[in-house]
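**Q** Have a look at this one before I ask anything.
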Amino acid sequence: MAICLGVIAAGIALRQVDRWWFSPRRRPVATLRDIRALQRERANDVTPAVLLLGHWVEWAGWCLVAAQAGPVGWVAGAVAGAVTMRRLQEVSHFAAHGVLTRTRRAGTVLAEAAVHLPLGFVPVAVRRRRHVREHHPNATVPGTDPNLRELHAAGLCAGVGGRRFVGALVFPLTLGGVLATVGGIGDNLRHGRARWGRLAALAAVPVVVAVFLGWQAALFAVVLPRLLLYPQLAWMSLLVEHRWWDAERVTGPPGVVEAGRCLRLYPRHPALALLARSTWLPYGDLYHYAHSAHPAVRWNYLPALERGAVGVPAYTPDALLLGDDSVARRHLRALTAAPEAERATRTGGL
C-alpha cells in the first residue's frame, strides 16, 4: 500500500508544477488587463504536459489501490477514476478554448493524446466547434445550444413531472443513461479518419490495466467510472452551468449577458465550494459565470476575475439538490411554469 500512496503523491506533486507556474499569487492581478498580460507571459507547452502526466500517474496509483485493497480499494478506485476523468475533461476544455498551452496546436495534440483518445471523446476540433462556436454564443437558446438539446433528450422539458424530473437528475445512472453513454462513445469513435485507431486507444487503457494489475482494477478504476460515475459527475456540472429554462434575455457587454443566464454555486459555503472544486467542478468549472463572460481566461485566474472584474450573477444558490433555493428546485419551477404560461397566453390570462 505504501507504493500505491507514493505513486498517488507523485502524481499530485507533478500537477502542482503547472499550478505554481501560472499562480496569480506570484504576482497579484487586479484587472482583466493584468490577468491577460500574466497569462500571456506564463504561457508555455511544457507545464500543461506535466499536468496531464500527473493526472495519469495519480490515476495509476488509484488503479494499484483497486488491485490490492479489496472492496474498499474498488470503491476508492472507482471514485478516484471518475474524478480523474472529470479533471481531464476540464483540462481539455481549456485546450478547446486555446488557452491550455502557448500554441493552440500544442494544446490540441496534448488534449487528443492524453484525454480524448484514451477516454473515447470526440476529436478536439469537433469539441471546439460544438462548445466554443455553438454553445458559448448561444447558451440557453432553444434549438441552437447543443447542451440544452442534451438536457431535453434526457427528459428535462417543459411540463416534466416530479418523478421524471428526479430521474433526469441522475439520468447517466439509469439504464437509458448508460445506453446513451455507450451510444455517445460509439458516435465519438466515428468522427475523423482514424476510427480504428481511436477505438484501439480507448480499449488500450482497460486492457493494459487488466494485464498488469488484474481485472478488478480495470473494471472498478476504468470501466465503471467511464460508463457510469464520470458521466454522472459531468451531468451534475452541466446542470449548474446555467439557468437553463429561466434565463434572462438581455443584451450588452459579455458580463451583463452571462449574468442573466449563469449562476454561481456555493458562494457562501467555502467547504462545499472546495469539495466541488476538488471533485465534480474542477479547473474553474465552479466559476462558470466568469468563464462564460471571458472564455479566453485560463482557469488559474477565474477566481481573481470573479473577485475583481465580473463579480457574481444574481442567482447564487447554496445547494444543488435540496432546499427551496437549490438549483434543482429552480429548474423544476422553471420547467413547470413554462406550460402554465403558454396556457395563460392562449386563454388571455384567465
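**Q** Taking the stretch 135-153 on its own, how many of its residues are touching a residue at least 40 places away in the same chain (Cβ under 8 Å) and either in contact with a Gly (Cβ under 8 Å, 6 or more places away or on another chain) or among the acidic types (Asp, Glu) (or both)? Spell out how you get there, then give the answer.
**A** Looking only at the stretch 135-153, we keep the residues that are touching a residue at least 40 places away in the same chain (Cβ under 8 Å), and these are 136, 139-140, 147-148, 150-151.
Within this subset, residues satisfying the condition of being either in contact with a Gly (Cβ under 8 Å, 6 or more places away or on another chain) or among the acidic types (Asp, Glu) (or both) are 150.
Residues flagged as touching a residue at least 40 places away in the same chain (Cβ under 8 Å) and either in contact with a Gly (Cβ under 8 Å, 6 or more places away or on another chain) or among the acidic types (Asp, Glu) (or both) within the stretch 135-153 amount to 1.
Residue-wise test of (1) part of a loop (DSSP other than H, G, I, E, B); (2) within 21 Å of PHE212 (Cα to Cα); (3) touching a strand residue (DSSP E or B) at 6+ places or on another chain (Cβ under 9 Å); (4) at pLDDT 95 or above.
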{"site": "ARG33", "(1), (2), (3), (4)": "no, no, no, no"}
{"site": "TRP59", "(1), (2), (3), (4)": "no, yes, no, yes"}
{"site": "LEU64", "(1), (2), (3), (4)": "no, yes, no, yes"}
{"site": "MET85", "(1), (2), (3), (4)": "no, yes, no, yes"}
{"site": "HIS93", "(1), (2), (3), (4)": "no, no, no, yes"}
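**Q** Being in contact with a His (Cβ under 9 Å, 6 or more places away or on another chain) and either more than 22 Å from VAL79 (Cα to Cα) or of a type in the set (Val, Ile, Thr) (or both): is that true of GLU248 here? Reasoning before the result, please.
**A** Details: in contact with a His (Cβ under 9 Å, 6 or more places away or on another chain): no; either more than 22 Å from VAL79 (Cα to Cα) or of a type in the set (Val, Ile, Thr) (or both): yes.
Spelling it out, it is not the case that GLU248 is in contact with a His (Cβ under 9 Å, 6 or more places away or on another chain) and either more than 22 Å from VAL79 (Cα to Cα) or of a type in the set (Val, Ile, Thr) (or both).
**Q** Sticking with this structure for a sec: Would it be correct to say that TRP21 is modelled with pLDDT of 95 or more, surrounded by fewer than 19 Cβ atoms within 10 Å (Cβ to Cβ) and in a helix (DSSP H, G or I)?
**A** Numbers: modelled with pLDDT of 95 or more: yes; surrounded by fewer than 19 Cβ atoms within 10 Å (Cβ to Cβ): yes; in a helix (DSSP H, G or I): yes.
Yes; evaluated as a whole, the condition is true for this residue.
**Q** Considering every residue within the stretch 163-186, establish whether at least one is loosely packed, with under 15 Cβ neighbours inside 10 Å and under 24 Å from TRP299 (Cβ atoms).
**A** Within the stretch 163-186, not a single residue is loosely packed, with under 15 Cβ neighbours inside 10 Å and under 24 Å from TRP299 (Cβ atoms).
**Q** Just checking, does the stretch 158-172 include any residue being outside any helix (DSSP H, G or I), over 20 Å from the mean Cα position of the chain (by Cα) and on the phi > 0 side of the Ramachandran plot?
**A** Within the stretch 158-172, one or more residues are outside any helix (DSSP H, G or I), over 20 Å from the mean Cα position of the chain (by Cα) and on the phi > 0 side of the Ramachandran plot.
**Q** Could you say which residue among VAL109, VAL126 is assigned to a helix (DSSP H, G or I) and touching a residue at least 40 places away in the same chain (Cβ under 8 Å)?
**A** Values: VAL109 fails: touching a residue at least 40 places away in the same chain (Cβ under 8 Å).
The unique qualifying residue is VAL126.
**Q** Considering only the stretch 24-40, I want to know if a residue exists there that is crowded, with 18+ Cβ neighbours inside 10 Å, among the polar types (S, T, N, Q), touching a helix residue (DSSP H, G or I) at 6+ places or on another chain (Cβ under 8 Å) and at negative phi.
**A** yes
**Q** Looking for whichever is farther than 30 Å from ALA67 by Cβ and either assigned to a helix (DSSP H, G or I) or out of contact with any helix residue (DSSP H, G or I) (no Cβ under 7 Å at 6 or more places or on another chain) (or both) here; the options are GLY197, GLY252, GLY155, GLY177. Which one fits?
**A** Values: GLY197 fails: farther than 30 Å from ALA67 by Cβ; GLY155 fails: either assigned to a helix (DSSP H, G or I) or out of contact with any helix residue (DSSP H, G or I) (no Cβ under 7 Å at 6 or more places or on another chain) (or both); GLY177 fails: farther than 30 Å from ALA67 by Cβ.
Among GLY197, GLY252, GLY155, GLY177, only GLY252 is farther than 30 Å from ALA67 by Cβ and either assigned to a helix (DSSP H, G or I) or out of contact with any helix residue (DSSP H, G or I) (no Cβ under 7 Å at 6 or more places or on another chain) (or both).
**Q** Further question on the same structure: Select from the stretch 137-149 the residues that are assigned to a helix (DSSP H, G or I) and surrounded by 16 or more Cβ atoms within 10 Å (Cβ to Cβ) and list them in ascending order.
**A** Here is the first cut: in the stretch 137-149, the ones assigned to a helix (DSSP H, G or I) are 137-138, 146-149.
Scanning the stretch 137-149 gives ASN147, LEU148.
Listed here are the residues, each with its yes/no results for (1) among the β-branched types (Val, Ile, Thr); (2) free of Cβ contacts under 8 Å to residues at least 40 places away in the same chain.
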{"site": "GLU41", "(1), (2)": "no, yes"}
{"site": "ASN44", "(1), (2)": "no, no"}
{"site": "LEU52", "(1), (2)": "no, no"}
{"site": "TRP56", "(1), (2)": "no, no"}
{"site": "GLY70", "(1), (2)": "no, yes"}
{"site": "VAL91", "(1), (2)": "yes, no"}
{"site": "PHE94", "(1), (2)": "no, no"}
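**Q** Within the group ARG190, ARG226, ARG198, ARG277, which residue is within 30 Å of ARG333 (Cα to Cα) and basic (Lys, Arg)? So that I can check it myself, show each step before the final result.
**A** On the way: ARG190 fails: within 30 Å of ARG333 (Cα to Cα); ARG226 fails: within 30 Å of ARG333 (Cα to Cα); ARG198 fails: within 30 Å of ARG333 (Cα to Cα).
Only one candidate qualifies: ARG277.
**Q** Let me ask another. Here are the criteria: (1) loosely packed, with under 14 Cβ neighbours inside 10 Å; (2) under 23 Å from ALA334 (Cα atoms). Tell me which single one TYR266 does not satisfy.
**A** Condition (1) is where TYR266 drops out.
**Q** Hey, another quick one. Out of all the residues in the stretch 241-254, which are touching a residue at least 24 places away in the same chain (Cβ under 8 Å), within 25 Å of ALA319 (Cβ to Cβ) and not aliphatic (A, V, I, L, M)?
**A** GLU241, HIS242, ARG243, TRP244, TRP245, ASP246
**Q** Looking at (1) under 19 Å from the mean Cα position of the chain (by Cα); (2) aliphatic (A, V, I, L, M); (3) over 28 Å from LEU219 (Cβ atoms), which one does VAL83 not meet, given that it meets all the others?
**A** For VAL83, the failing item is (3).
**Q** Do you know which of the residues in the stretch 35-57 that are of a type outside the set (A, V, I, L, M, F, W, C), in a helix (DSSP H, G or I) and closer than 17 Å to ARG102 by Cβ is farthest from the chain's Cα centre (by Cα)?
**A** Step one: of the stretch 35-57, the residues of a type outside the set (A, V, I, L, M, F, W, C) are 36, 39-42, 44-45, 47-48, 54-55.
Okay, now just the ones that are also in a helix (DSSP H, G or I), so 36, 39-42, 47-48, 54-55.
Now narrow it down to the ones that are closer than 17 Å to ARG102 by Cβ: 36, 39-42, 47-48.
Details: ARG36: 23, GLN39: 22, ARG40: 24, GLU41: 26, ARG42: 24, THR47: 21, PRO48: 18 Å.
My answer is GLU41.
The values are calculated or read from the model by the stated rules, or taken from the named source; none is laboratory data. Quick caveat: nothing in here was measured; it's all calculated off a predicted structure. Positions of Cβ are backbone-derived with ideal geometry, glycine not excepted, and every protein chain shown enters the neighbour counts.
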